[in-house]
Structures are given as C-alpha cells and as structure tokens.
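Student: The structure that follows is given in the form of structure tokens.
The values are calculated or read from the model by the stated rules, or taken from the named source; none is laboratory data. Just so it is clear, the model here is predicted, and its values are computed rather than measured. All Cβ positions, glycine included, derive from the backbone under ideal geometry; neighbour counts span all protein chains shown. These accessible areas exclude ligands, DNA and RNA; they are computed on the full protein's heavy atoms, side chains included. Shrake-Rupley method; radii C 1.70, N 1.55, O 1.52, S 1.80 Å.
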Amino acid sequence: MNAQPITEVAESRPLPSDSASVSRAVTPALELCGLSKTFTLGGGLFKRGRTLGAVSNVSLRIPRGQVMGLVGESGCGKSTLAKMLLGLTTPSDGDVLVDGRPVRGADQKALARHIQPIFQDPYSSLNPRKRIAQIVGLPLRVHGIGTPREQAAHVAETLDVVGLPRRAAEQFPGQLSGGQRQRVAIARALVMRPDIVICDEPTSALDVSVQAQILNLLLDLKAEFGLTYLFISHDLAVVEHLVDRVAVMYLGRIVEEGTREQIFGSPRHPYTRALLDSALTPEPGLGVPDIGLGDATPDPSDPPAGCAFHPRCPKAQATCRQQRPRLEDIRGDNARVACHLA
Amino acid sequence: MPLLEVNNLRVDLPVEAGTLHAVRGIDFHVERGEMLCLVGESGCGKSMTSLALMGLLPRKARLTADRLQFDGIDLTMLSERRRSDLRGARMSMIFQEPMTALNPAYTLGNQLCEGLIRHRGVSRQEARERAIYLLERVGISAAKDRLNQYPHQLSGGLRQRVMIAMALMCEPDLIIADEPTTALDVTIQAQILRLLRELQQEFGTAVIFITHDLGVVARIADRVAVMYAGEVIESAPTPALYANPAHPYTRGLLSCIPAPGKTPPGSRLQAIPGVVPSLVGHVEGCAFRNRCPQAQPTCERTPPLMSLSGDHRARCHYADRPVPAPRPPETIS
Amino acid sequence: MTTSSVSPTASSASTPGTGLGEISLQPPAWSRVTRRLFGHRGLAIGLIVVGLAILIAIFAPLLAPHDPYHQDIANRMVPPVWHDEGSWEHVLGTDKLGRDTLSRLLFGTRISLTIGLVVALISGVIGTTLGVLAGYFGGRVDAVISYIITTRLAMPVVLVALALASLTGGSLTTVILLLGLLLWDRFAVVSRSVTQQVRDAEYVFAARTLGCSLPYILLREVLPNIAGSLIVVMTLEMAHAILLEATLSFLGMGVQPPLPSWGLMVAEGKAYMFFQPWVIAIPGIALFVLVLAINLLGDGLRDLNAPGGRN
Ligand SMILES: Nc1ncnc2c1ncn2[C@@H]1O[C@H](COP(=O)(O)OP(=O)(O)OP(=O)(O)O)[C@@H](O)[C@H]1O
Ligand SMILES: Nc1ncnc2c1ncn2[C@@H]1O[C@H](COP(=O)(O)OP(=O)(O)OP(=O)(O)O)[C@@H](O)[C@H]1O
Ligand code: SF4
Ligand SMILES: [Mg+2]
Ligand SMILES: [Mg+2]
C-alpha cells in the first residue's frame, strides 16, 4: 500500500471526503528530506549567472493534524520552500513525501488533492475577472469532480464553512473586503478537502481586527477537518498562538526546530533568541529591547562560511567562523538546533 | 504652547461616487520632544493626516481646519514657498517605502546634503560632515563610502536608516514617520525603533509616528491617538490607554491580538466583526456602531469627545458610564 | 448627497461591505460605465465617429446614390455641390472617369475598416501569442522572443511592405496579409510586459497548484487580465494599418483599381490637385477623420483602463 504511487491513490478517491485510512496514523502527513533550491541570477541566452541557494538541505516532518510554524527573516527562503511543497517550483535536490509517498514525478493534479495553499495577498490571490463561485468551484471543475449541480452545491457548502454569505458566490473579488477575500481563498483551498494546507503569511496583509477572524477560522477548520498546516508568518505572537511545532529558518537553512514550548520557552539558537527578543508585545513601559545583532544582513548569493549567522551572532567564536554546525537533536528531546554552543 | 496644534482638521477628496471624507474633523496636539503615535485600521486616514500636515496632499484634496498651527505659525495661511522652506528645515517626513522616497538617480551624499545646503546655507563640506556624523549615529558603518553609493545598492533596513538620517539633517522640530518599519522584519524593526527613540530623545525632536501595530505603539509612544474612519476616537498617554481603554474600538483592538501568556494558545481570539463603513457621503452618528458590541439607539447621534481623567479623551457616548442594558459581546469568527 | 448607512445592529462579519479596504477592480455598474464613457469627451467623439463609419460600411449599398464603379464619361470631374458648377446629382462630385465620389467614399469605408480590423486581428494573434509566451515563461523563451521582437522593430515597415508588395503584386489580400504579418510588434511588447506582472499574481499560482493545464492558465487566467491593454493596442494598430494601406495604395503597391480605396482615390486625383483640389481633399479628409477617431477611441480606452486611485 505504501509503495503505491500517489497518483493511483488519488485517482481512486471519489468526491473529496474525509476518509482516513488506518496506516496514516504513523507516517507524518508531510515529510521533507534534504530539500534544496538553487536559483541562477542574471543568466541570459548565452551567459551563465551566479547561483543563489534559497533553500538548502531542509529536512522536516509534520505529523498529521499538527500545525508547523515556519519563521525567519525576510528573504530567508520560506516562500520558496512553500512553493516547492506545492509543486510550483521543482526542488534542485531532495524529496517531499506526502503520506510517506514521494511527490517527485507524481502529477500536479494528484498532488493538488492533498496539498492546497493559502497565500499572503488577498488582493492578488483571486482573479479579479471571475465570480467567487467560479473561483471556489475551479478545483472541482479542473478535477472533474461531480456534476455541475453537485459542484454548485459543494461550493455553497464550502462558503458556509468559511462564513461567507451564499450571495457572495455571485460577486466579484473587487466587491469584497480584504478579510472576505481571504475567506474566499480559504474556501478555494478547502473545497477539495485536502489533508495539508500551506499558509504563507495568510494574515499579514490584513488589519489586526480582521486577522483575529481569520485565525479563528483556521483553528475551527483544523478541528473540523483534521487539517495539517504549515504556517509561515512574521508575527511571533500569532505563531505562538496557533502552532504545535516551530521551525526557525536563517539564510535558507533551518537553524532550530522544536515544540512551541521548547522554542518560545527556552530558545537555544542565538538567532531564535534575537527573533523572540525583537517581538514587541503590547506592554507599555518596556521600551524597545536591544537585541544586539549587527546590521550585517548577509548576501544570500554569497553566504558566510561556517555558521551563516556568525557575522551577526553576539556569541560567535572561532569554530563558528570555520565549521558549519549541523542541525541535530543533541539532547534527545526531539528538538533540533544548529549551533556549536547550544 | 504645544509645538503643533490641530483643531477640526478635515480632508475631503472628490471621488467618482461623491466626496470621500478621508479625515473628518480631528483634534490633537504634539508637545516639543514628544512621541505621538497615530494608530488605526487601513484606510482610516492616517496618511492623509500626515500629508495634510506636511502640505503634500494630492492636488484634488480639500483641506479645512479651525486651527493648524506649527510653533505659532498658521499653516493654512502659508504660501507654497514658505511652506516648502518649513518642510525642509523644521518638519520632515519618513515614508513607509524608502525606495520611493529616495531618488535612484542621485548618490546618498547628494540627497542627504541637499536640504541642509539649501535651507541652512552651509557649505558642501560642512553638510558632508554632518551627513557622515548622522549616518554613523544611525549605525551605518563606513559612512564616508556610503555617501557615494546609490539607493539601490542598500538593503531595505539600511535605506530606512538613511531616511532617518536624512530626516534629522536639518535638526527639525517635528518628524512625521508614516509606517517606517512596516515593510521590515522584526529584528530590523526593533533596531530601527530603538534608534529613532534614542535620537529623538537626544535631539529633543517631536515625532508623529504612524502605525497599525499596537505592539510598536506600546513600546515607543508617549501618547497615542487612535483613529477610526477618519476621526480620532480616543487619545491618551500610553500607559493610560493600555490600562483603561475607554472606546469599544480600542478595547477590541487590544483584545484581538494574541498576547503570549494571556491568551491560551489555540483558543479563540476576540474578533471585531464587520467592516469599516464607507466614508463617501455624509456619515451620521458613531461610525463604529455597526461593529460595536455595546451599540445603543443613542449611538445614531454623533458622540461628543468625552474628557476622562487628565489627558484621556474618547469619542463614545458610553466612554464614562456603563451601557444601559449590556449585551454580551459577540464573537463572530 | 449620499448618506452611507451604518446599521446600528452589529452586522455579521460576512456582510459584503462597501468598506474602505476595497479596491475598485469590479466591473462597474452599467450606469457608471456610460458615465465614464461620456465623461471623457475624446472617447465619446471617437466612439460616435467609429460607430458611424461601421454603420456606413454595413449599409453602403443602401446609402450610396450611385454604383461606385459606374463610369459616366459625359460627367467627368463634376465639382461638389457647394461649388458653382456642382449639382445635387453628384453631391461630392465625380472623378476623372465620371464615378460618383460620394458613393466611392461610402464603399471605401468598407475597405478601410476591413483592413484595419483584419490586420489588427492577425497581428494581434501573432503579437499576443509571442508576448504572452515570452512574459509567462521568461528565461530562454523570453530571450529568444525578445530577440525576434527586436529584429522586427529594426525593420522599416513601409519599405519592407513596399518591397514585398512589389514582388507579389498588390491586392487587397496581399496588403492585409503583409500588414498583418508586420504590425504585431506593439502587441508583443505590451502583452509581454503585462503578462510578466500577471504571471506572479497569486491567482496564477493557485491555478498552477490545482494542476490546471497550461492553455487554461494562459487563456482563462492570464488573457482576461491583460485584455484591457490589448484592446487599446488594437485600436492604435487599426489606425496604423488604415494609414499604411492608404500609403501603399497611393504608391500603387496596395489595393488595385477600380476598388474604391481612399488611398487610391487620393492617388488617382493627384494630377488634378491644383485646379480641382476637392478630388484629393475629400478622401484625404475622410481618412484623417477616421484615423483621428480611432486614435481618440484608443486614448480614451487607455485612460479608462488605467488603474485609478484607491477607491
Ligand atoms: N524566482 C527567483 N529567482 C531568483 N531568486 C529568487 C527567486 N525567488 C526567490 N528568490 C530569492 O530567494 C530568496 C528567498 O526568497 P523567499 O521569497 O523564499 O523569501 P521569504 O522567506 O519568503 O521572504 P519574505 O518573508 O520576505 O516573504 C531571496 O533571496 C530571493 O531573492
Ligand atoms: N489619491 C486618493 N484619491 C482618493 N482617495 C484616496 C486617495 N488616497 C487615499 N484615499 C482614501 O482616503 C482614505 C484615507 O486614506 P489613508 O491613506 O490616509 O489611509 P491610512 O490610514 O494611511 O491607511 P493605510 O494603513 O492603509 O496606509 C482611504 O479611504 C483611501 O481610500
Ligand atoms: S458611541 Fe455607541 S456605537 Fe459608538 S463606540 Fe460608543 S457605544 Fe459603541
Ligand atoms: Mg515570502
Ligand atoms: Mg497609510
């Protein structure tokens, strides 16, 4: 059963439904093995460009029904990672396993039944020339699921689930507010009843008052459909609120990974610590902390030798400059960290 | 006398469907050396207010005010020329997107020095010295070399620092910073805010800081003005606002961000249901009442600005007294 | 004055609001469309003139007082009606073969509009295909197509068209084909750059993750969102094609006699232009008005299509 390619399993699934097979409990919903992506910059028809390692050797397991948070500074490769999981970018190296089966070579449609995205910008994630019903129904039509009547019913049902009025079906995206658009994007992701949803900064373009509505919705849906999320965000308070485990990325690599309590309670990597320190909670009188990082933001196409964080790290030592620390579970508590001093 | 005094400031914009009242009669003041934060939802008129103060409103916009005084000078009466002098020398602005505010065709040195040479008549050499001093103060190493670089050669965080240095060049009395850190990530945001706060205290500059991040406000502001739908609905010294928010919108804002340690992870957050009303045409009554958990029939009338303790004001009929028949607050996902 | 209604009851979170956070991308209500159309004077004029031209082209046989090909040797070079020797029989006079100028002018509309439309369609298909592919795929595809576009831009259209037409011999079909194969550059340039913007829109990512086929993505997700810009290019190229046809016909390499092409009418009248200037003035003015109107239409559409300010 496990050796079966993903395509056939997907093909044999009828209408999207929440069927759970027995063997699923053990294999993680999503597993990344040594995933890497290299971009070539400035190449032309006849000349070769420089290379940029946007994601390097990322390994991660996301257990079924859990939320994995992914944080890190701007440009560290979070969106590139998400795009590889969604099949939008082919990895330069490494594998993605969905339900223990490799995705490489599986066709996009089969993958789409398992993984769906929610993107950052509710203004560009919906085609402005299509009605909401068309947008949400598109997955069903592309996959030829059900008759047009069944599809319409399914769309209406999904709009209910995400808390949109049914009359929204006939409207265009331009007639909806940012929060409503994000609900439409969520409906589109859910209409196929996927197992895994990749959320790339789903609330960062929304006002805080709307953000809370969307976060509540995501939590409800997770409980209702047993979804597994990869949740990418800059907002640490939101991440702490939502996730079960967190992975911290720096310059294309994961530098620390662990449960929410481990990361937020006792961070071990200096970058994680700096990140947590710079989160400004609404507590007046505390002032802005001095996080003690230099401003030497590294060039991703020319990463520093050794630990990529060493030029900014307040604790850096000679080894840090020469040797790259490995991401290891040092204490055997199922938390991994890549730092010589951890 | 406060450095800046604003009374009943209005900004109207003609749009296709009628007139958009982007700013609907706001009052506030800024003392010398003070940091005032303007907070509010997207589209509530924060940027329009700052552009009105700077005299940089879009051409079609109409501005009226009972009083718009900067250090005793009536800004509404000023000629464009004097206005422009004032803008360079005594008020300056930091924009959200530094790339659009820096001219890609000139070196940083040119852009930094230009204002000082024009407004203060100093020599190029003196101007360069001050530029180098300020770049070093904002934490840019090798400042001398940077003067010959172009904006695109810098990262976002560095550009924002350059903008801060540029705003400080003429030692202005007032800096207006419109979401200067929204585009940056948290570590850089913390560095820049710290720097701004330090420099502000060192030079005694007053700052109007615009943001929608309540975390940022709590950490840097002396006083806060919360805006909603073109009005200031609550203003108070920062500790008072966070301790006793008087307006239901402020309370809503504060309770809908997850607070580590207070909101249990995975629990439901309080959300403010509904959306902001349209500001096109005449807005009658409390603009928040379609989203307010405690709205009453009284709220159909425009609420007055109630004075609470000290410097704490709120524009709500029930800011200082309980609501007659309290309804349980609704949480809608 | 409109009063924005703020209902006192807490409306549910899902009320589609007329909130501030919206951008006006939605197809506007019909009344708003007409207001915008006629609020723009150039656009209105362009629309009316082009609309009239289309009606004239369709109903030319009903409108024309004479057969445009009928030669009446007895009535050669009759001046228009406002002239002392003019008559109501031939309102705009006759040409050197005694054919009625008004009738030829009316039938000529058909030729000009056909050329404009068909050329714009052919070049539109070629240019848009190239531009969309280049913009969507980027990289090597883009490099190759950009190279083709640059090559095309380096060719002088009139000279190349003249040379080719003189090889093949002029005719209506050759002119259409030639111009259609030559005038696609602007379509390619514009569609390439607009596609580059649309390609990275998240709704295109969403369609790709669903496993939508490439033709679906290009035709249903990308094309509708670049169509606005293409329509503008289309009007400009129509005007361009009409003028080029007139030029080629005037030089004898375009539409051949006795077809009533306006360019040809000018050419046939050029021997008389000092003493009977109306022979060339009348088709010349018709050409000028039509091309101007189409350009006004294009400009107007571009303004309408331009992204307005927020809300
Ligand atoms: N198509 C591409 N070609 C070349 N470089 C790319 C491409 N896409 C991304 N990059 C580079 O890869 C790196 C990672 O980008 P990515 O968008 O994944 O960052 P991110 O972590 O999502 O950042 P943010 O938080 O700002 O969204 C960046 O340096 C970016 O410039
Ligand atoms: N050029 C313009 N023409 C017409 N309306 C405008 C223009 N610029 C802004 N507006 C409108 O004026 C109102 C106030 O806008 P403003 O930019 O001040 O909001 P803001 O509070 O700065 O929001 P944000 O947090 O999104 O920057 C909004 O409703 C906006 O749509
Ligand atoms: S005035 Fe009424 S509606 Fe407005 S905030 Fe106060 S209680 Fe709510
Ligand atoms: Mg990203
Ligand atoms: Mg703004």
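Student: Output ³J(HN,Hα) for the stretch B:240-248: one whole-Hz value per residue in order, computed from phi by the Karplus curve 6.51 cos²θ - 1.76 cosθ + 1.60 with θ = phi - 60°, and x for Gly and Pro.
Tutor: So the Karplus estimates, Gly and Pro as x, are 5, 5, 6, 7, 10, x, 9, 8, x Hz.
Student: Taking 0.36 nm per intervening residue step and subtracting the Cα-Cα distance, what contour gain separates B:Gln201 from B:Arg67 on full extension?
Tutor: Values: separation 134, 0.36 × 134 = 48.24 nm, distance 2.76 nm.
Between B:Gln201 and B:Arg67, full extension yields an extra 45.5 nm.
Student: Across chain A, where is the longest run that never hits trypsin sites (Lys or Arg not before Pro) in a DSSP loop with at most 14 other C-beta atoms within 10 Å?
Tutor: On the way: sites that count: A:Lys47, A:Arg48, A:Arg104, A:Lys315, A:Arg326, A:Arg331.
By the stated rule (loop sites, at most 14 other Cβ atoms within 10 Å), A:105-314.
Student: Compute the distance from the alpha-carbon center of the stretch B:15-71 to that of the stretch A:240-292, in whole Å.
Tutor: Each part reduced to its Cα centre gives a spacing of 37 Å.
Student: Also, quick follow-up: Report, in deg cm²/dmol and to the nearest 500, the calculated mean residue ellipticity at 222 nm for chain B, where each DSSP H run with n ≥ 4 adds -39500 (n - 2.57) and the sum is divided by the residue count. It would help to have the intermediate numbers written out before the result.
Tutor: Working: 11 runs with 107 residues, N = 333.
About -9500 deg cm²/dmol.
Student: Something else now. Are there residues in the stretch C:200-214 whose accessible area shrinks by at least 30 Å² when all protein chains are included rather than the chain by itself, and which are they (probe 1.4 Å, ligands and nucleic acids not counted)?
Tutor: C:Glu202, C:Tyr203, C:Phe205, C:Ala206, C:Arg208, C:Thr209, C:Leu210, C:Gly211
Student: What aspartates and glutamates does C:Lys270 reach when the alpha-carbon gap must be under 15 Å and sequence neighbours fewer than 8 apart in one chain are set aside?
Tutor: The qualifying aspartates and glutamates are C:Asp95.
Student: Return the FRET efficiency for the residue pair C:Leu164, C:Leu97: r is the Cβ-Cβ distance, R0 is 35 Å, and the value is rounded to the nearest 0.05. Each step should come with its number before you reach the end.
Tutor: Details: r = 30 Å, r/R0 = 0.84.
After rounding to 0.05, the efficiency reads 0.75.
Student: Add -39500 (n - 2.57) for each DSSP H run of 4 or more in chain C, then divide by its residues: what number comes out at 222 nm, to the nearest 500 deg cm²/dmol? Can you show the working numbers first?
Tutor: Details: 11 runs with 195 residues, N = 311.
One gets -21000 deg cm²/dmol as the mean residue ellipticity at 222 nm.
Student: Could you tell me what percent of the DSSP beta bridges with both partners in chain B are antiparallel, to the nearest 5? All intermediate terms of the calculation are to be shown ahead of the outcome.
Tutor: Details: 30 of 49 bridges.
Close to 60 percent.
Student: A follow-up question, please. Compare C:Met155, C:Met238, C:Met253 in a GNM of chain C, Cα atoms joined below 10 Å, and give the one with the largest fluctuation.
Tutor: Residue with maximal mean-square fluctuation among C:Met155, C:Met238, C:Met253: C:Met155.
Student: Label B:Ser155 and B:Ser84 with points 7 Å out from Cα along Cα→Cβ: what is the distance between them in nm?
Tutor: 3.7
Student: Still on this structure: What net charge is computed for the residues neighbouring B:Leu305, neighbours being all others with C-beta under 11 Å from the C-beta of B:Leu305, Lys and Arg scored +1, Asp and Glu -1? Let's see the in-between values first.
Tutor: Details: positive: B:Arg313, B:Arg315; negative: B:Asp27, B:Glu231, B:Glu234.
With Lys, Arg at +1 and Asp, Glu at -1, the net is -1.
Student: Just to confirm my numbers, what's the Cα centroid distance between the stretch B:83-136 and the stretch B:256-318 in Å?
Tutor: What the calculation gives is 41 Å, centre to centre.
Student: Here's a follow-up. Tell me, what ³J(HN,Hα) does each residue in the stretch A:276-285 have, in order and in whole Hz, if you take phi through Karplus 6.51 cos²θ - 1.76 cosθ + 1.60 with θ = phi - 60° and put x for Gly and Pro?
Tutor: Per residue, the Karplus-derived 3J(HN,Hα) values read 5, 5, 7, 6, 9, 7, x, 10, x, x Hz.
Student: Determine, from the Cβ-Cβ distance of C:Gln197 and B:Asn148 and an R0 of 30 Å, the FRET efficiency 1/(1 + (r/R0)^6), rounded to the nearest 0.05.
Tutor: Working: r = 34 Å, r/R0 = 1.12.
For R0 = 30 Å, the calculated efficiency reads 0.35.
Student: Within 10 Å of each Cβ in peptide A:162-168, how many partner chain Cβ atoms are there on average? Round it to a whole number, please. Working shown, then result.
Tutor: Details: counts 2, 5, 3, 4, 0, 2, 3.
Across the residues of A:162-168, the mean count of other-chain Cβ atoms within 10 Å is 3.
Student: Taking B:Lys46 as the anchor, which lysines have their alpha carbon closer than 28 Å to its alpha carbon, excluding any fewer than eight residues away along the same chain?
Tutor: Candidates past the 8-residue exclusion: B:Lys60.
Student: Could you pull out every residue, at least 5 positions away or on a different chain, whose amide H is within less than 5 Å of the one on A:Arg253? Hs are placed 1.01 Å off N in the peptide plane, and Pro or chain starts have none.
Tutor: Amide H to amide H, under 5 Å and 5 or more residues apart or across chains, A:Arg253 pairs with A:Ser56.
Student: Simple spin-label model, 7 Å along Cα-to-Cβ: B:His282 to C:Phe137 in nm?
Tutor: In this crude spin-label approximation the distance works out to 6.2 nm.
Student: Follow-up. Based on the Cβ-Cβ distance of B:Met1 and C:Arg41, what FRET efficiency does E = 1/(1 + (r/R0)^6) give at R0 = 60 Å, to the nearest 0.05?
Tutor: So, using R0 = 60 Å, E works out to roughly 0.70.
Student: How many angstrom separate the Cα center of the stretch A:152-181 from the Cα center of the stretch C:84-150?
Tutor: Going from one Cα centre to the other spans 45 Å.
Student: Separate question: Please give the average number of partner chain Cβ atoms lying within 10 Å of the Cβ of each residue in B:250-258, rounded to a whole number.
Tutor: Details: counts 0, 0, 3, 5, 2, 2, 9, 10, 12.
Average neighbour count from other chains, rounded to a whole number: 5.
Student: Can you pull out the buried accessible area for chains C and B, both sides counted, probe 1.4 Å, rounded to the nearest 100 Å²? If you can, show how the numbers build up before the last one.
Tutor: On the way: alone 17480 and 16000 Å², together 31530 Å².
Adding both sides of the contact gives about 1900 Å².
Student: Given the convex hull of the Cα atoms of the stretch A:125-189, what is a quarter of its surface area in nm²? Provide the component values of the computation, followed by the final result.
Tutor: Values: hull surface 15.5 nm².
Directional mean of the projected Cα hull area for the stretch A:125-189 stands at 3.9 nm².
Student: Could I ask something else about it? Please provide three numbers in whole Å: the alpha-carbon extents of the protein assembly as shown along the principal axes, with the largest listed first.
Tutor: Cα spread of the protein assembly as shown along its principal axes, largest to smallest: 108, 80, 68 Å.
Student: Most mobile of B:Arg67, B:Arg321, B:Arg159 per a Gaussian network model of chain B (Cα springs, under 10 Å)?
Tutor: B:Arg321
Student: Which shape class applies to chain C: rounded if a/c is under 1.5, otherwise prolate when a/b exceeds b/c and oblate if not, where a ≥ b ≥ c are the square roots of the Cα gyration tensor eigenvalues?
Tutor: On the way: a/c = 3.44, a/b = 1.65, b/c = 2.09.
Note, shape of chain C comes out oblate.
Student: Could you do me a favour and compute the accessible area per residue for the stretch A:125-189, 1.4 Å probe, result in Å²?
Tutor: Working: 2200 Å² over 65 residues.
In whole numbers, the stretch A:125-189 has 34 Å² accessible per residue.
Student: Still on this structure, I have one more. Would you kindly derive the ³J(HN,Hα) couplings of the stretch C:166-175 from the backbone phi angles with the Karplus curve 6.51 cos²θ - 1.76 cosθ + 1.60 (θ = phi - 60°), listing them in order in whole Hz, with x for Gly and Pro?
Tutor: After applying 6.51 cos²θ - 1.76 cosθ + 1.60, I find 6, 6, 8, x, x, 6, 4, 5, 4, 4 Hz.
Student: Per residue of A:134-146, what is the mean number of Cβ atoms on other protein chains within 10 angstrom of that residue's Cβ? Let's see the in-between values first.
Tutor: Numbers: counts 1, 3, 0, 0, 8, 6, 1, 3, 6, 3, 0, 0, 0.
Counting Cβ atoms of other protein chains within 10 Å of each residue's Cβ and averaging gives 2.
Student: Tell me whether chain A comes out rounded, prolate or oblate; compute the Cα gyration tensor, take square roots of the eigenvalues as a ≥ b ≥ c, and use a/c under 1.5 as the rounded threshold. Show your work: numbers first, answer last.
Tutor: Working: a/c = 1.76, a/b = 1.49, b/c = 1.18.
It comes out prolate by the Cα gyration axes.
Student: Can you tell me which lysines have their Cα less than 22 Å from the Cα of A:Lys130? Leave out same-chain residues fewer than eight positions away.
Tutor: A:Lys109
Student: Just A:Ser209, A:Ser125, A:Ser233 to compare: in a GNM of chain A, with alpha carbon springs under 10 Å, which one fluctuates most?
Tutor: Fluctuation is largest for A:Ser209.
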